[in-house]
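Here is the structure we will look at, set down as structure tokens.
Only the coordinates and a few stated rules stand behind these numbers; no lab work does. Just so it is clear, the model here is predicted, and its values are computed rather than measured. Here the Cβ is made from the backbone with ideal geometry for all residues, glycine too, and neighbour counts use every protein chain on show.
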There are 2 protein chains.
Amino acid sequence: MNDSEYMAQALAEAQKGVGRTSPNPPVGCVIVNGGVVVGRGFHPRAGEPHAEVFALREAGERARGATAYVTLEPCSHHGRTPPCADALIAAGISRVVVAAGDPNPQVNGRGLAKLRAAGITVETGVLEAEAVRQQAGFRSLVTRGRPYVIYKYAMTLDGKTAAHGEGNGPVSGPEARARVMRWRDECDAIAVGARTALLDDPQLSTRGIDGGRDPRPVLFDPEGHIPAHARAIREGAVLVLQEGRRSPLERDPRVTVIRPHSLPHALEQLAALGISTLLLEGGATLASAFFEAGLIDELRVFIAPKLLGAGLSPLVGPTRSLHAAQGLDVWNVERVGDDVLVTGSLAL
Amino acid sequence: MNDSEYMAQALAEAQKGVGRTSPNPPVGCVIVNGGVVVGRGFHPRAGEPHAEVFALREAGERARGATAYVTLEPCSHHGRTPPCADALIAAGISRVVVAAGDPNPQVNGRGLAKLRAAGITVETGVLEAEAVRQQAGFRSLVTRGRPYVIYKYAMTLDGKTAAHGEGNGPVSGPEARARVMRWRDECDAIAVGARTALLDDPQLSTRGIDGGRDPRPVLFDPEGHIPAHARAIREGAVLVLQEGRRSPLERDPRVTVIRPHSLPHALEQLAALGISTLLLEGGATLASAFFEAGLIDELRVFIAPKLLGAGLSPLVGPTRSLHAAQGLDVWNVERVGDDVLVTGSLAL
């Protein structure tokens, strides 16, 4: 096995924490001695030990002279836990391979410097792109003070997200809907607009995922139309109201109400609540507001092999010319059941 | 090499005639003796010899005891040329492998029966789906009396085929546009609606294809708005006018005017002009009329990694529910340059 393959294992470890670690990043660590994996670990949630600590515990004495593969630069500062760089040094690790640097100003190269100063060989940038993508929420919080926003939608091959009116079946197939459940499990929060909440009364929950947990529902309801009995309301729900507006949900102790003066401000307030990844599920009015404000980072689009002829659009923003169209950096195109999934980032 | 591989060669031969043989089908033939290809041929255009004749000519004496791979059942009737079944028998071919039967009522199994009656081993159904697709125009003419209709469009990832207004760049990239030129070369005719013809004044020609030829432009202009100087007008142009309407193009000797009483009737009239494949290039109004009448057979959709926010839709038909959405049998999903191409047939 080479460095990339061990790092892929560390990323798989980290993946177990995705959606559970905010405001911390998901991190994984694999310790290899003489070609044998002697320790593995991941950061399970904020306040609990970091990935390196679990991996070092498992490795014990076998950490001496070993290589540690870590998906994020080991921390160098005392947070809720002691610095991982110190722990790696104390355990006698001789080489550390890191996927991505930690943009946190308290770390930002200091972890690597500390390791090098202790005589440890340090290599960086192994599977960096994958790691950065896995840590997108954390990195967004640290560098931009707002969550990483993913707009997910399903549309027909003629570009319609739904037929006009209500009582329609889903656009995408069961495999695509199962994939969405996995994404919900991985994101800190799901956002929907008032019209979607009123028309569909969605639960916004994770179903059919072993050990899945529900993301926080974030309801953008500027005028306070969503009723007290909305099915999405649960512990951790966030209601986004316009300044000066009231809502029956304000009395619900499970609901946090924020009153931002703008969409960027709303995202700052969500970041302050520890939300690092926001899965935007519609409708088009809310998504278009995000889009026009330049606040969508990633798209995940299911294209269903169906034609509707007429219907709703995934975006309804103001007209722009094709020269001014927002470009997308497509990461992946794959078949998911009968649908096609296109994933990419908005090239900003 | 096995039967499928030789048949793939025969299909590649046939491909050389695609777009040139109407109302005949494109057909290819490969003759193999002792594992060596001794003859190849394709039908170049109506009135010229069939594929088998060219292949037999090249094979000469080596046809004796050989296997002939033919993409379509050899003909058994005297048309403009003598029956190919007779020619194969006379040449001493001992085995004939056929991709697809000929639905023409004058053949329809008689070619195969004739071969078998002469003691030739006959096998059928090798790469049948590929052959049927290649012969789609011919088969549509014979079995339905109308051309095979392919709706081609390019849309952004938010389902827009163009920005509102004029003066926009193309939606898809250069690789996708080159692919469209190949399709134009392969189709008998291109159809556009009056608005598209007026707004864009397209040439509807094939550019950048070695040995390419221009398809016949078919302008659906019910009210006769398209002016005499439209760039698409050339030899073979067809103007589709409403009954009772006049057009300045009626005086152009290069233009054939038809006055159908309905869209199905228009397609019958185009079939009578020898048009077997029609590439529908828009706009949405014309495409929606075809769609609502159930007259679209195949879709070729480029999805460009761009977001417009607002714009035109590929179909603007009346609302239907998702339960009543038209399903698509997706044949292929591929990346073409930066775009994604989805190809499929409308499951009728």
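A few comments on the model shown:
- Across all Cα pairs in chain B, the calculated P(r) in 10 Å bins from zero up to the longest distance comes to 5, 23, 29, 23, 13, 5, 0 percent per bin.
- Counting only Cα atoms, region B:103-159 measures 59, 25, 9 Å along its principal axes, largest extent leading.
- For region B:229-346, the alpha-carbon radius of gyration amounts to 1.28 times the rule-of-thumb value 2.2 N^0.38 Å expected for a compact globular protein.
- Unit Cα scatterers, Debye sum, region B:135-187: log10 I(q)/I(0) for q = 0.16, 0.27, 0.31 Å⁻¹: -0.66, -1.06, -1.20
- Entry note: region A:285-336 has Rg to Rh equal to 0.97, where both radii use alpha-carbon atoms and Rh is the Kirkwood radius.
- Distance cut-off 22 Å, percentage of C-alpha pairs in region B:1-110 lying past it: 21
- The dipole here belongs to region A:124-217: it is taken about the Cα centre, uses +1 on the Cβ of Lys and Arg and -1 on the Cβ of Asp and Glu, and is about 260 debye.
- Extent of region A:247-299 along its three principal axes (Cα atoms, max minus min coordinate, largest first): 34, 22, 20 Å.
- Summary for B:Ala90: label point 7 Å along Cα→Cβ; distances to the equivalent points in the other copies, ascending, 9.7 nm.
- Helical runs assigned H by DSSP (4 residues or longer) give the protein assembly as shown a calculated mean residue ellipticity at 222 nm of -7500 deg cm²/dmol, each run adding -39500 (n - 2.57) before division by the residue total.
- Cross-link check: pairs B:Lys16/B:Lys114; B:Lys152/B:Lys306; A:Lys306/B:Lys16; A:Lys306/B:Lys160 evaluated at a Cα-Cα cut-off of 22 Å; pairs beyond the cut-off: B:Lys16/B:Lys114; A:Lys306/B:Lys16.
- A label point on A:His77, set 7 Å along the Cα-to-Cβ line, lies at 8.6 nm from each of its counterparts in the other copies, closest listed first.
- With the convex hull drawn over the C-alpha atoms of region B:127-219, the volume per residue is 148 Å³.
- The mean number of Cβ atoms from other chains found within 10 Å of a Cβ in peptide B:299-305 is 5, as a whole number.
- Ranked list, fewest to most other Cβ atoms within 10 Å of each Cβ, for A:Ser276, A:Ser288, A:Ser345: A:Ser345, A:Ser288, A:Ser276
- The rotation axis taking chain A to chain B passes closest to this chain A residue's Cβ, listed with the gap in Å: A:Gly159, 1.
- Between region A:89-150 and region A:33-59, the Cα center-to-center distance that results, in Å: 16
- For region A:86-148, size of Cβ-based charge dipole, Lys and Arg +1, Asp and Glu -1, in debye: 200
- For the protein assembly as shown, the share of alpha carbon pairs falling in successive 20 Å distance bins from zero is 16, 36, 29, 17, 2 percent.
- For region B:177-237, radius of gyration divided by Kirkwood radius, i.e. Rg to Rh on alpha-carbons: 0.98
- Here region B:186-278 is described by how far its Cα atoms reach on the three principal axes: 42, 27, 23 Å, from widest to narrowest.
- Label-point distances for B:Pro248 to the equivalent site in the other copies, using a point 7 angstrom along Cα→C-beta, read 6.5 nm when ranked shortest first.
- The C-alpha radius of gyration of region A:30-73, expressed as a fraction of 2.2 N^0.38 Å, stands at 1.10.
- Each other residue within a Cβ distance under 15 Å of B:Pro174 adds +1 if Lys or Arg and -1 if Asp or Glu, for a net charge of +3.
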